[in-house]
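Just below is one structure, and these are the notes that go with it.
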Amino acid sequence: MSEPAPEEAAANTEQAIGVGTEEPSSEAAAVTTPVTIPAADAPEDQITSTEAEPGNEENKLTETSLTEEATTERSEFPEVVKAEEKDVPEEANVEITAAAETEEEKDPTATVKFQLLPSKQFITIASSLKNSMQELQDQLAAKLKVPINVLQFSHTGKSLPTTAVLSELGVTPNGTVQLDVVSNDPDNVPLKPKAKQEISSSDVITVRLVKENNEYEDVVVEIERVARKKPFLGGFRNKLTGSEFHHASAQTVTKRRPQTDVERFNRDCQTVFERNRTSQTTNTTSTQMTKIGCYVSTQEDKLMSPGKYITYQEYFDERFKAVIVLQSYFRRWQARNIVNELKLDRDRRLAWEREEEIRKRREKEERIKKEFERRMKPKTKEDFDLLYAALEKWRVEELGHIDAELDGPERKAALCSLLEQETQLIASIGRHKIEAGKENKEKNIQRFLDKAAAPKRWKAYDGRYTEMDTQYTIRAKEMRDIYNSINMKYLTQDERLDVLLTLKHTVKEHDCKLTREITELIDREADLLMRGVSDTNLEGLRKRISTLFLQYCKNPLFNPEAARLLKVPQDPSTLRKDIYFCPSANQYLPSTEFKITANSRSVGKCRKVQELDNAARTRQDFSHYRIMLRNLRRTEETYNDNSKIAFLIQEKDLQYLVENIWATQSILSAWDDLYDLVLVRWDRDEEWSPWNCILLTKDEAIAHARLDHLNEAYGQVFILKVKNKHTLARIYFSRLPGMSEQLRRKTTGSQRLPGPGEIRGKNVLNAY
């Protein structure tokens, strides 16, 4: 490309910026021209011209590169005007001089760059040279939305007072100065950098345009930043000055070509026919040297001298040293990564331990709170067992204090007082038991009616459940609704009469002594209601009607669904099977009412007699062992290997196993909280039994279940200790009916660790 003349360069500059052709106004105001000037070194920013309002001196934030480029281009235009002043008439010169004087009368301005420390973000504003540091602080505080007193300006490392003026810093008109800004309170009011879209400021520059009629015009150009990247449309570079000029793009929408029916694209014009041909291109090279008629300068020639010769061994040694250095740095980096991973693992472990500690403490608090509520409001048999156990514990402690501190008549008096207190506490527990019995009775009645009215339900092949109502379940639903209606309170007289009429029509379907009595009571209540008797006086009568109708609902003749829920079977022949005599209660009861322990040789006492004996004398709380046994049976069900022994032992057997065999503590950590202890299989491939179990905490049980080889996980001393406990358990539980059969069928093989096996010989303690 040939170098353009100065006039052509000026013309090109005018063309690149976009010179307007309109005449300037008489007031020499700025003309708004839609011009886009992308900076040469910042193609992502967009420069657009906007209309300048009188007195509008809003400072806009922009990039440093845009301000410098705009300043460079603005300083070049007066030279173009001077070059063309010779051909301008005298009248035009007068106008230009007047306009120049008008410009000189205005306040000179300069570009101020604020560098926010320590983020090093730049904020650029245009300010008058007469402005003080206080005014600049006001402007910057408004943009950053921070208090004024926290801003501190400095220039070239020196702090600036608030009374300093911008012109005192040596700034020339239209020049640029950089000020460092720090916060006096960086902890509370830091100068945080903001995203570009959050800063609504831009640069405003004035560009002087030279028109074709040798006139000039000042145009206010606002530099806006755009998030998108502007496309590069080409440009040119001035070879004399080295300045680059990019083509600008209009901000209007591209005009679309109107749609026509003319076919522009078809297969014929888009098909390319290729043809392969071989060709040999020429590559001309030449050398040139000094000869007659041709001189070649030797000033830029270089003298090349050979260096030191390096043998292969020396080269290999240097490379080996370099490899060692690389390996050392790599191993250092690898070791640092390993250490960082270990630190992360340690932090995660500590965090998990803290969470586990918090969880356990929360569970313990909830358990204590629940036990306190159970003691204050007992409702179930387990709650009353807990109360009796606490009473016995208190009695034993008080008795110990009396025996240790008192003697003679004082001891007898204290024992009498203790007996009276115990009697009062037992009476209080009895009152709670009566109230709980009434409440539980209503719940049992409602549960009985709900079970009778429940539809038939079975599981299909796809896992979904199917429900079906039969004529008997529909009948049970009607009777349940009637029973709930007659027990409802706060009914009006008409509503109560409607309920009684429905009940009368229902029981009249069968004629017997019970239905006639119910009908007579219904007529009596209806007559009393018509006479205006209060509801308080009718409570006894309504209670009789409710009780008689409940008997009606439990009769299989009137409610066939009740037959499968009654404890007493309807067929007398079934009473001859599995019926045993309880000498303490003097009753014949089914086998389900007796608890068979490991040392039982007969059926013994029934459940009710044992509960009464426990409340009167021993007062033991088996709730912990009941929960442990329930969890054990639930775990054995998940194995699905036809385990039986876990469902044969009772709470007392589990109590003996935990207290006498395993000493009520984990064999690994000696943790003695029963709420955290569980009995799991020692060998998970064999059925659970007292001689194939181990007492561990919940966390230890989870880890034990993951072991594949017990011999590798535990030491020989620990394994012998566990085997010894298995031997003691085998001796005690071999007398349990049903377990002896399991013991005889026990095999000695195991894939991971040999089981207890079959005991032979007289000394069972030396079996191992």
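Considering only the other residues whose Cβ falls under 13 Å of the Cβ of I402, what net charge follows from Lys and Arg at +1 and Asp and Glu at -1?
Details: positive: R395, R411, K412; negative: E397, E398, D403, E405, D407, E410, E422.
Here the charged neighbours net out to -4.
Among the listed pairs K370/K723; K377/K477; K438/K595; K644/K723, which have their C-alpha atoms separated by more than 30 angstrom in this model?
Values: K370/K723 38 Å; K377/K477 33 Å; K438/K595 27 Å; K644/K723 22 Å.
Listed pairs above 30 Å: K370/K723; K377/K477.
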Checklist entry - Under a 5 Å amide H to amide H cut-off, with H placed in plane at 1.01 Å, what residues pair with Q152 once short-range neighbours are removed? => result V182, N184
Next on the checklist: Give me the one-decimal Kirkwood hydrodynamic radius in Å for the stretch 425-566, with the sum taken over alpha-carbon pairs.
Outcome noted: 17.2 Å
Item to check | Amide hydrogen neighbours beyond the local backbone of Y216, cut-off 5 Å, H modeled | outcome: K211
Item to check | Residues of the stretch 632-672 with amide N under 14 Å of a point placed 7 Å along Cα→Cβ from E382 | outcome: 632-634, 651
Checklist entry - Quick one: Karplus J couplings for the stretch 605-622, per residue in order, coefficients 6.51, -1.76, 1.60, θ = phi - 60°, nearest Hz, x for Gly and Pro? => result 8, 7, 5, 5, 5, 5, 5, 5, 5, 5, 5, 8, 10, 6, 6, 9, 9, 9
Checklist entry - For the residue pair Q446 and K369, what label-to-label distance in nm results when each label sits 7 Å from Cα along the Cα-to-beta-carbon direction? => result 2.5 nm
Item to check | Highest-first arrangement of 347-357, 470-480, where packing means the average Cβ count within 10 Å | outcome: 470-480, 347-357
Next on the checklist: Under the 0.36 nm per residue contour assumption, what length would be gained going from the current alpha-carbon distance of I579 and T536 to full extension?
Outcome noted: 10.8 nm
Next on the checklist: Given points 7 Å out from each Cα along the Cα-Cβ axis, report the S485 to S669 separation in nanometres with one decimal.
Outcome noted: 6.0 nm
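With a Förster radius of 45 Å, plug the Cβ-Cβ distance of D317 and V339 into 1/(1 + (r/R0)^6) and report the FRET value to the nearest 0.05. Don't jump to the answer; show the numbers that get you there.
On the way: r = 33 Å, r/R0 = 0.73.
Plugging the Cβ-Cβ distance into 1/(1 + (r/R0)^6) gives 0.85.
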Checklist entry - Check T124: other-chain or 5+ apart residues with amide H under 5 Å from its amide H, H built from backbone geometry? => result T62, F114
Item to check | Spatially proximal lysines relative to K130 (Cα-Cα < 28 Å; intrachain offsets below 8 disregarded) | outcome: K60, K106, K113, K120, K143, K145, K158
Checklist entry - K239: which lysines have alpha carbons under 28 Å from its alpha carbon, excluding same-chain residues fewer than 8 sequence positions away? => result K82, K86, K211, K229, K230
Next on the checklist: Order L344, L387 by their accessible area, 1.4 angstrom probe, all chains in place, largest first.
Outcome noted: L344, L387
Next on the checklist: Within the stretch 650-681, list the residues whose amide N lies under 14 Å from a label point set 7 Å along Cα→Cβ of R633.
Outcome noted: 650-654
Checklist entry - When N counts the residues of the stretch 649-721, how does its alpha-carbon radius of gyration compare numerically with 2.2 N^0.38 Å, as a ratio? => result 1.07
Item to check | Whole-Hz ³J(HN,Hα) from phi, Karplus 6.51 cos²θ - 1.76 cosθ + 1.60, for the stretch 446-462, glycine and proline x | outcome: 5, 5, 5, 5, 5, 5, 5, 8, 5, x, 5, 9, 9, 9, 7, 5, 8
Checklist entry - List the lysines whose alpha-carbon lies under 26 Å from that of K343, not counting same-chain residues fewer than 8 positions away? => result K360
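Quick check on packing: order 331-339, 554-562 by the mean number of other C-beta atoms within 10 Å, highest mean leading. Before the final figure, lay out each step's value.
Details: 331-339: 10.1, 554-562: 17.3.
Ranking, from highest mean packing down: 554-562, 331-339.
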Next on the checklist: Can you work out the Karplus-derived ³J(HN,Hα) for every residue in the stretch 582-592? Use 6.51 cos²θ - 1.76 cosθ + 1.60 with θ = phi - 60°, whole Hz, and x for glycine or proline.
Outcome noted: 9, x, 6, 8, 6, 9, 9, 10, x, 5, 5
Checklist outcome for this item: Reported to the nearest 10 Å², I402 has, with a 1.4 Å probe, an accessible area equal to 20 Å²
Checklist outcome for this item: Rounded to 0.05, the calculated FRET efficiency for the beta carbons of S417 and R607 at R₀ = 45 Å is 0.80
Item to check | Residues in the stretch 645-665 reached by a label modelled at A705 [backbone nitrogen below 17 Å; 7 Å Cα→Cβ] | outcome: 646
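Highest first, please rank the peptides 286-293, 682-689, 116-123 by the mean number of other Cβ atoms sitting within 10 Å of their residues. The partial results should precede the final answer.
Details: 286-293: 6.1, 682-689: 20.2, 116-123: 15.1.
Those peptides, ordered most packed to least, come out 682-689, 116-123, 286-293.
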Checklist outcome for this item: If R0 = 41 Å, then Y472 and D641, at their Cβ-Cβ distance, give a FRET efficiency to the nearest 0.05 of 0.60
Checklist outcome for this item: Out of A454, T423, V339 - ranked by how far each Cα lies towards the positive end of the dipole of the stretch 321-463, with unit charges on the beta-carbon of charged residues - the top one is V339
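The values are calculated or read from the model by the stated rules, or taken from the named source; none is laboratory data. Note that the coordinates shown come from a computational prediction; the quantities given were computed from them, not determined experimentally. A quick note on method: Cβ atoms are made from the backbone with ideal geometry, for glycine too, and the neighbour counts reach across all protein chains shown. All accessible areas refer to the heavy atoms of the entire protein, side chains included, with ligands and DNA or RNA removed. Shrake-Rupley method; radii C 1.70, N 1.55, O 1.52, S 1.80 Å.
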